[in-house]
Amino acid sequence: MQSLDSLTRDEKNVILLKFGFINNKIYTLKEISLICSISGEKIRQIEISAFKKLLNSSYVKTIHEQYTTA
C-alpha cells in the first residue's frame, strides 16, 4: 500500500478502520472516535486530509491515466 506511506499515523489508522482493512470490519465514525480517543469532528477532518493526499498521490494519478487514456 504505497500510497498509505504518505499519510500520518492518524490518517492511516482512520482510513484502515473506515474501510475494513483491520479485522475485516468497517468502523463507523463514532467507533473510530472511541478507538482513537479523538472527537468525531477531528476524525472527519483527518479523513478529509487523508483523502486529499491519496487523491494527489502518484499511484492514483497513474491509475487515472491508465483508465482515461485507453
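The values are calculated or read from the model by the stated rules, or taken from the named source; none is laboratory data. Keep in mind it's a predicted model, so treat the numbers as computed, not measured. Cβ placement follows ideal geometry from the backbone for every residue including glycine, while neighbour counts extend to all protein chains displayed.
State which residue pairs qualify: first residue touching a residue at least 40 places away in the same chain (Cβ under 8 Å) and inside region 1-29, second residue surrounded by 12 or more Cβ atoms within 10 Å (Cβ to Cβ) and assigned to a loop (DSSP other than H, G, I, E, B) in any location, beta carbons under 7 Å apart, and separation of 6 or more residues or different chains. Here the result reads Ser3/Ser57; Ser6/Ser57, each pair linking region 1-29 to a residue that is surrounded by 12 or more Cβ atoms within 10 Å (Cβ to Cβ) and assigned to a loop (DSSP other than H, G, I, E, B). Restricting attention to region 1-25 and to residues that are touching a helix residue (DSSP H, G or I) at 6+ places or on another chain (Cβ under 7 Å) and hydrophobic (A, V, I, L, M, F, W, C), the residue that is farthest from Asn56 (Cα to Cα) turns out to be Ile22. Of all the listed residues (Ile38, Ile46, Ile15, Ile26), the sole one being surrounded by 14 or more Cβ atoms within 10 Å (Cβ to Cβ), modelled with pLDDT of 80 or more and assigned to a loop (DSSP other than H, G, I, E, B) is Ile38.
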